[in-house]
Each structure stands twice: as C-alpha cells, then as structure tokens.
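Each remark here refers to the structure printed beneath this line.
The values are calculated or read from the model by the stated rules, or taken from the named source; none is laboratory data. Owing to the predicted nature of the structure, the values given are computational and were not obtained by experimental measurement. Quick reminder, even Gly has a Cβ in these numbers, built from the backbone with ideal geometry, and neighbours come from all protein chains shown. Side chains included, ligands, DNA and RNA excluded: accessible areas come from the protein's heavy atoms. Shrake-Rupley method; radii C 1.70, N 1.55, O 1.52, S 1.80 Å.
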Amino acid sequence: MTEEILKISGGRPLHGEISVQGAKNSALPLMAAALLCEGETVLTNVPQLSDVYAACRILNRLGCRSTAEGNTIRIVRESAELYEIPDEDMRAMRSSIMFLGPILGSMKRCTLTMPGGCELGPRPINLHLDAMRAMGVRIREGAGRIFCTAEKLTGAKIHLPIPSVGVTENVLMAGVYAEGETVLTNAACEPEITDLANFLNQCGAEIRGAGTHTVVIRGGRKLRGTEYRVMPDRIAAMSYLCAGAAAGGEICLKDTAPDDMKSCLDVLEQAGCRIGVCGDRIFLDRTGPLRSISYIRTMPYPGFPTDAQALISAVLCTASGTSMLEETIFENRFKHMGELARMGADIRVSGRTAVITGVPKLHGASVTAMDLRGGAALAAAAAGAEGITYLSGLHHLDRGYEHFAETFNSLGILTERGTFSALEHTFSAANAKKC
Ligand code: UD1
C-alpha cells in the first residue's frame, strides 16, 4: 500500500507552543480577488496547502502568473482574455466557485461547470447565480456547462435568503466593478469576509459594512494590486486547541486572532478547559476532567462554526455525561462519528443531531478521514486516546492543514507520516531493539 497515513501515539498530556497558519478560507478568496487588480498582488502568510496550489493553477489558466515561495504568493494578471474555468479544476477544488465574481467583474463573462460533488452533502450554487443575475448577468446552461455573460454589471439591492459566506464574497468581488452601488442584506459576517473587504479596500475599492449583515459596495473603481497579510486560521487554531482539550495538558498557540474565536473558546471553557488570552496568544490548560455540554448548535458567525463541530465532538467523547450537537449548516457533516465509534466513542446520530455519551477513554484504531475537519477531529481524538491510531485519507487534511504532523509533534503528540509498511517497519525495528 503506497498511500501515506499518520501514525499517532496518544494518551499523554500535551505541552508546547505552536504558531498558527494563515487562514485557508481567507487565502482562497484573496487569491481569486487578485484577478480584479492591475499590477502585482503579494499575499503573505498564505498556508502551504493543496487547495492553495489548486487556486494557483486556476489563476494561471486564467492568464495570471502566480508563483509561490514559502508562505508568499505573487500574482500578476498578464492577459485578460480567458474566462473559462475547466471542469477538472471546478471538480478539484470545491471553492472554485469563488472565481465567478472576480471573473465576471473583470471580464463580464464566465464559463464554468458545477463544483465537484461534495463530501458535506450537495453544495448548490443557486444563490451565487441568483446574485449575479440580480447584477445584470444572463445565465444559460448547456452541455454540462454554465455560460454567464453581461454587457455590464450593475449595482443592485440583493437580499440573501441565507447568509452564505461564498455568495457574500462573490457579490463583494463582482460589486467592485459594477456600475453604481450594490447593497447586500443578510450578508454573512464571518471574519474572512472582513479580511477580503479590507484587502479590496486597500486595493482601491469602496466597501462599507463588511462583518455586519449589510454591506454596501460602491462600484466602478480601478483596483491596483497590493501587499496583504492573510489573517490567522481560526479553525486550524480550534483544531489544535481541541487536541489539547482531548489529551489534557498545557499548550500555547501564537499568531491567532482570539477575538474571532469567542464562541469556540466559550465552548472549550464549558467543557472544562481553562483558557487564557494575551494579544495574539491563546493558552489552554486542561488538567481536570472534561465536562459534557448539554446542547451545541452550529450557526453562522458569530455563532459556533460548522467547521468546528467535528472538532468539539472529538473532545466530548470523553466528557462525563451526555452532550448533544446539532448541525444546521451542512446536511452530511457527521461522517467522522462512525470513525470515532471505532475508537470506542458512544455516539448516536439521528438526522442532523448527534448525541455523545462520554466514555472514560478512547483507544487507538485504524480510522479514515472522510472530510477535512472530520480528519482533524480524528487526529485530535487520537491525541487523547490510549495507544496508536492509524489515520488514512490524508488528502483531506492536506487541503487545510500546513505541516500537520510537525505541528502535532511540537505539541508533544508523537506523530509520524509515511506509508503503512514504512511506519510498521520503524515500529518493529524499535521494538526489536527494546527486546
Ligand atoms: C464557507 C467555508 C466553509 C464553511 C462554510 C460555512 C470557504 C472556502 N469555505 O463555505 O469552510 O463551512 O462557509 O461557514 O470559505 N448554499 C445554497 N446555495 C448556494 C450557496 C450555499 O443553498 O448557492 C447553502 C449551503 O449548501 C449551506 C449554506 O448555504 O447549507 C451555507 O453555505 P456557505 O456559507 O455558502 O458555505 P461556503 O461558502 O461554501
């Protein structure tokens, strides 16, 4: 078997300090927004992830020269003639839909296909298309492709039926090149949207209200590329905090944005962790027992994020008492629960609700990541479990976590990455030496 897996030896309290990566969910729309800019855009603190490289590929196919060096990405649009996102790119990265707004904004036409079938359940794009229609775009479908064209984009009053993060971002990016003013109501308020608006404003756009439910975009300004630092990844931070909560111990995360993580930090405190914040640092101390939480519901920001639902479920598996989790954003986001059960968790799932009854300990097992956050949740559970966990499905983790194994090791979680046979070889060799 040549597939790489993680071998995680858990059950020991954590200690250590790590730096948290830049946010994937901010870096991707910022990269797409570079299509709107003349001159060079330089993004720093970009995490090194497969989704980021997929976004580079899309930019290059659209006539940009994008180059990555460490955590810096430079993007220059060299030609503005290409407006089609090939099907293989649409399928490779589900976030590819966020190129729609900038391509339409800058070219007034865009051809694309449906984003790939998603592990979180169907991921429709109807609200993206409705918002673009409201701005004067004609949309026609044929032969599996979606053709979007407009003579010009016009500012519009758009009310979202649900506060979609991606649609809010697409409207911001299309709106900066529309004629007149766009007023978006029931907009999503996630911090990544504020980051995008800050970037666009730094490039010369005029956007007000980002981070609230009403965003006003005054269109028609030319944007020039700028240098911009991607915000910290609040979900990656929560992933490592949950590993600390599951295993116990004392850890410190630096380069975080604690203000963006209030609902996550509250929930960790309810679960029995002591949390301290100082500037961009978050300290977690979990020496006492974990406590169950009677009810957690995922909600748009500032509520508890859907991306953290799997992570907290890994913590609650060994909390005394019964916890209930309700997933309200995506319909298929409990796939990790079956894998946690393999590690000894007591979980009942019914529709969008999961009931977790705490057990004293989880044990290591062979488990598979079915999606990005579910994979991180299994790794967090493995950190606290007795014995060795073999985690496969790492292509999911690679979409969202930079140097995952190294970061786990820095927290004192013995983690190795390699093929199963190579890891077993080192394991047997070490045991033979002991004998
Ligand atoms: C973004 C995040 C993702 C996070 C999600 C919710 C990125 C790259 N991804 O995804 O990590 O889990 O926000 O915080 O930033 N919907 C429709 N029609 C549409 C668009 C969305 O019905 O046209 C529905 C979705 O199926 C979902 C809900 O709206 O049920 C919210 O999705 P949305 O906020 O759009 O998520 P994304 O932007 O895809």
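Take the conditions of a type in the set (Lys, Arg), modelled with pLDDT of 95 or more, under 22 Å from Arg333 (Cβ atoms) and in contact with a Leu (Cβ under 8 Å, 6 or more places away or on another chain) and apply them to Arg399. Does it pass?
The answer is no for Arg399.
Only one of these is among the small types (Gly, Ala, Ser), under 25 Å from Ala197 (Cβ atoms) and either surrounded by 22 or more Cβ atoms within 10 Å (Cβ to Cβ) or over 24 Å from the mean Cα position of the chain (by Cα) (or both): Ala236, Ala257, Ala245. Name it.
Every option except Ala236 fails the conditions.
Residue-wise test of (1) assigned to a loop (DSSP other than H, G, I, E, B); (2) in the same structural domain as Ala134 (by TED's automatic domain parsing); (3) of a type in the set (Gly, Ala, Ser).
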{"site": "Asn198", "(1), (2), (3)": "no, yes, no"}
{"site": "Asn201", "(1), (2), (3)": "no, yes, no"}
{"site": "Thr256", "(1), (2), (3)": "yes, no, no"}
{"site": "Lys262", "(1), (2), (3)": "no, no, no"}
{"site": "Leu265", "(1), (2), (3)": "no, no, no"}
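Looking at this structure, is Val137 in contact with an Asp or Glu (Cβ under 6 Å, 6 or more places away or on another chain) and of a type outside the set (Lys, Arg)?
no
With the structure loaded, tell me whether Gly374 is touching a residue at least 12 places away in the same chain (Cβ under 8 Å), on the phi < 0 side of the Ramachandran plot and surrounded by 24 or more Cβ atoms within 10 Å (Cβ to Cβ) or whether it fails that test.
Taking the combined requirement at face value, the residue satisfies it.
Checking Val216 against (1) in a helix (DSSP H, G or I); (2) open to solvent by 10 Å² or more (accessible area, probe 1.4 Å); (3) touching a Lys or Arg at 6+ places or on another chain (Cβ under 7 Å), which single condition isn't satisfied?
For Val216, the exception is condition (1).
Looking for something surrounded by fewer than 24 Cβ atoms within 10 Å (Cβ to Cβ), assigned to a helix (DSSP H, G or I) and assigned by TED's automatic domain parsing to the domain that holds Ser313 - is there at least one such residue anywhere in the range 356-367? Break it down into steps so the answer makes sense when it comes.
As a first pass, look at the range 356-367 and keep what is surrounded by fewer than 24 Cβ atoms within 10 Å (Cβ to Cβ): 357-361, 363-366.
Next cut, assigned to a helix (DSSP H, G or I) only: none.
Checking the range 356-367: not a single residue is surrounded by fewer than 24 Cβ atoms within 10 Å (Cβ to Cβ), assigned to a helix (DSSP H, G or I) and assigned by TED's automatic domain parsing to the domain that holds Ser313.
Where in the range 369-411 are the helices (runs of 4 or more DSSP H), entirely inside, with at least 2 residues that are within 15 Å of the ligand (Cβ to nearest atom) and under 20 Å from Gly11 (Cα atoms)?
Numbers: elements: 372-384, 394-398, 404-410.
It comes to 372-384.
Filter the range 328-348 down to residues that are in contact with a Lys or Arg (Cβ under 9 Å, 6 or more places away or on another chain) and either outside the structural domain of Gly387 (by TED's automatic domain parsing) or within 16 Å of the ligand (Cβ to nearest atom) (or both) and give me whichever is most open to solvent (accessible area, probe 1.4 Å).
Glu331
From the list Gly63, Gly16, Gly39, exactly one residue is within 24 Å of Ala237 (Cβ to Cβ) and either among the charged types (D, E, K, R) or over 20 Å from the mean Cα position of the chain (by Cα) (or both). Which is it? Walk me through how you get there before you give the answer.
Numbers: Gly63 fails: within 24 Å of Ala237 (Cβ to Cβ); Gly39 fails: within 24 Å of Ala237 (Cβ to Cβ).
The unique qualifying residue is Gly16.
Restricting to the range 200-240, and then to whatever is of a type in the set (Val, Ile, Thr) and touching a residue at least 40 places away in the same chain (Cβ under 8 Å), can you tell me which residue is nearest to the ligand (Cβ to nearest atom)?
Applying the filter and picking the extreme gives Ile235.
I'd like the full set of residues that are crowded, with 24+ Cβ neighbours inside 10 Å, more than 16 Å from the ligand (Cβ to nearest atom) and either β-branched (Val, Ile, Thr) or outside the structural domain of Gly393 (by TED's automatic domain parsing) (or both), limited to the range 7-33.
Ile8, Val20
What number of residues within the range 294-305 are more than 10 Å from the ligand (Cβ to nearest atom) and open to solvent by 30 Å² or more (accessible area, probe 1.4 Å)?
Selection size over the range 294-305: 4.
Restricting to the range 48-87, what's the tally of residues that are assigned to a helix (DSSP H, G or I) and over 30 Å from Ala143 (Cβ atoms)? Step through it out loud before you land on a result.
Start the filter on the range 48-87 by keeping residues that are assigned to a helix (DSSP H, G or I), which leaves 50-61, 87.
Of the ones still in play, those that are also over 30 Å from Ala143 (Cβ atoms) are 52.
Matching residues across the range 48-87 total 1.
If you go through the range 310-353 one residue at a time, how many are in a loop (DSSP other than H, G, I, E, B) and at negative phi?
So the count comes out to 14.
Output the number of residues of the range 306-322 satisfying the condition of being more than 16 Å from the ligand (Cβ to nearest atom) and within 15 Å of Ser350 (Cβ to Cβ).
Number of matching residues: 1.
Here is a check on your reading of the model: is Leu325 surrounded by 21 or more Cβ atoms within 10 Å (Cβ to Cβ) and within 16 Å of the ligand (Cβ to nearest atom)?
yes
One line per residue, one yes/no per condition, for (1) open to solvent by 70 Å² or more (accessible area, probe 1.4 Å); (2) of a type in the set (Phe, Trp, Tyr); (3) more than 24 Å from the chain's Cα centre (by Cα):
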site	(1), (2), (3)
Gly70	no, no, no
Tyr83	no, yes, yes
Asp87	no, no, no
Leu100	no, no, no
Met135	no, no, yes
Arg145	yes, no, yes
Glu151	yes, no, yes
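Contact list please: Cβ distance under 6 Å, first residue in the range 121-143 and of a type in the set (Gly, Ala, Ser), second residue assigned to a loop (DSSP other than H, G, I, E, B), pairs at least six apart or on different chains.
If the second residue must be assigned to a loop (DSSP other than H, G, I, E, B), the pairs left are Gly121/Phe330; Gly121/Glu331; Gly121/Asn332; Ala134/Ala156; Gly136/Ala150; Gly136/Leu153.
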